[in-house]
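One structure is given below, encoded as structure tokens.
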Amino acid sequence: MSGTIIIGAGQAGSAAAAKLRNLGYEGDITLIGAETAPPYQRPPLSKKYMLGEMELERLYLRPIDFYETNNITLRLGTKVDAIDTTEQSISVQGETLSYDNLILTTGSWPRKLPAKIGGDLPGVYSMRDLADADAMAHEFREGRRTLIIGGGYIGLEAAAVAAKKGVNVTLVEMADRILQRVAAPQTSDYFRAAHTAQGVDIREGVGLDHLIERDGRVGAAKLSDGSEIEIDFAIVGVGILPASELAAAAGITLENGIKVDEFGRTSAPNVYAAGDCASLPYKGERIRLESVQNAIDQAENVAANIMGQDVPYVPMPWFWSDQYDIKLQIAGLNRGYDAVYERRDADNDAQSFWYYQSDTLLAVDAINDSRAYMVGKRLIEMGKTLTPQEAMDPETNLKALLKK
């Protein structure tokens, strides 16, 4: 066969397949996924799905019959063994499939704890896919004790779910503060207070020394400050790594992920990459954007370029996190900021933090404040700014700015 093969049936892979058909692509499309579930949303796994507020079918990105209706061959529970960029083919379970175009949307892997410190003990979990969520669901019972390792968004979202389920939560973050890598101290302070109010024991500047076995599974943890705590299970949230092994074995150039140009092309002819696995050029540097929005936008851009549109991909980053009744929406990237300004809405609990480099607006963290998020996002996308004085002034009508 020929046509387009997409390896990785997640958000990016599904978006690329759908966009190709939407743009009139008439060739064969094969979407290959290692998981047995059809393409689904990952963000709700650590939120509504774990809380029992979202059923499995609601996770699916598209109805299962969408793929048949659009003549997309969906191969699930399938591992790709190798890519041959010279022959333009892949090896799948003893079968060789040829391609005209290949799109790598292989996503990422959660960082694991080393086995020598107990990372392979039963009762130690990562939160990345549906199997992870299902495997740990039975642990979330009132009165149980968990250790969450890592104070990023994944760790904090897991802490929120566990606390709402009545689990006693201890969260350790080796850095000086939670969210240190991704947010300003003001945002860290807000979420630290929110979790502490829910009974979460947050320990910053403290890491894990090792996990301790009790009766064949994890039962305690020795921390870097010498303290020891008894636990029933542990959740590891210490970041992700690009799933680039297939590309590396095929000789495709890597640079903190699969290196692509502004059109999504890799170093191999007719091979593209998108989503968490891809590193892309952005404002004179190379970055990976670990977000649903980027996965969709970049994958759709790749589809358009396969159709001959030759459109450079210009990322417009935005992210979100739900914890308890708090909705955090982030517009832009705060890299290189030298000042952060706070805005509060006197009429409700909405507040936002505005990141600046000199007088240039870089990013906005909006907490229960959709207006601040929308204004910040639009300004950043348009290359415009709002002075810090305007951002902080509660008299500034953000809603009115949306109409300009």
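Here are the numbers for the structure shown:
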{"read-out": "Hey, D261 of a type in the set (D, E, K, R) and part of a loop (DSSP other than H, G, I, E, B) or not", "value": "yes"}
{"read-out": "Which listed residue, of L147, L102, is under 30 Å from G308 (Cα atoms) and either over 17 Å from the mean Cα position of the chain (by Cα) or assigned by TED's automatic domain parsing to the domain that holds P43 (or both)", "value": "L102"}
{"read-out": "Selected residue [surrounded by 15 or more Cβ atoms within 10 Å (Cβ to Cβ), closer than 25 Å to Q329 by Cα and not assigned by TED's automatic domain parsing to the domain that holds V172] from A274, A250, A268", "value": "A274"}
{"read-out": "Options V172, V206: the member that is touching a residue at least 12 places away in the same chain (Cβ under 8 Å), over 22 Å from the mean Cα position of the chain (by Cα) and either in the same structural domain as P44 (by TED's automatic domain parsing) or within 24 Å of D225 (Cα to Cα) (or both)", "value": "V206"}
{"read-out": "Residue list for the range 359-404, filter: farther than 17 Å from Y190 by Cβ, at pLDDT 90 or above and among the hydroxyl-bearing types (S, T, Y)", "value": "T360"}
{"read-out": "Residues (under 22 Å from G166 (Cβ atoms), in a helix (DSSP H, G or I) and either in contact with a Gly (Cβ under 8 Å, 6 or more places away or on another chain) or not charged (D, E, K, R) (or both)) located in the range 41-68", "value": "P44, L45, S46, Y49, M50, L51"}
{"read-out": "Within the range 307-404, helices (runs of 4 or more DSSP H) holding 1 or more residues that are among the basic types (K, R), closer than 30 Å to G275 by Cα and in contact (Cβ under 8 Å) with a residue 24 or more places away in the chain", "value": "370-382"}
{"read-out": "Qualifying residue in the range 116-124 (condition: under 23 Å from A304 (Cα atoms) and modelled with pLDDT of 95 or more)", "value": "no"}
{"read-out": "Qualifying residue in the range 42-52 (condition: touching an Asp or Glu at 6+ places or on another chain (Cβ under 7 Å), at pLDDT 95 or above and not acidic (D, E))", "value": "no"}
{"read-out": "Residue under evaluation S370, criteria (1) under 21 Å from Q323 (Cα atoms); (2) out of contact with any strand residue (DSSP E or B) (no Cβ under 9 Å at 6 or more places or on another chain), criterion not met", "value": "(2)"}
{"read-out": "Of the criteria (1) outside the structural domain of L102 (by TED's automatic domain parsing); (2) farther than 27 Å from R62 by Cβ; (3) assigned to a strand (DSSP E or B), which one S279 fails", "value": "(1)"}
{"read-out": "Qualifying positions in the range 282-299 - part of a strand (DSSP E or B) and in contact with a Pro (Cβ under 9 Å, 6 or more places away or on another chain)", "value": "Y282, I287"}
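Listed here are the residues, each with its yes/no results for (1) among the hydrophobic types (A, V, I, L, M, F, W, C); (2) in contact with a helix residue (DSSP H, G or I) (Cβ under 6 Å, 6 or more places away or on another chain); (3) within 30 Å of S244 (Cβ to Cβ).
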{"residue": "L289", "(1), (2), (3)": "yes, no, yes"}
{"residue": "Q323", "(1), (2), (3)": "no, yes, no"}
{"residue": "D338", "(1), (2), (3)": "no, no, no"}
{"residue": "L362", "(1), (2), (3)": "yes, no, yes"}
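The values are calculated or read from the model by the stated rules, or taken from the named source; none is laboratory data. No experiment lies behind these values; they were computed from the predicted model shown. Please note: Cβ atoms are built from the backbone with ideal geometry, for glycine as well, and neighbour counts cover all protein chains shown.
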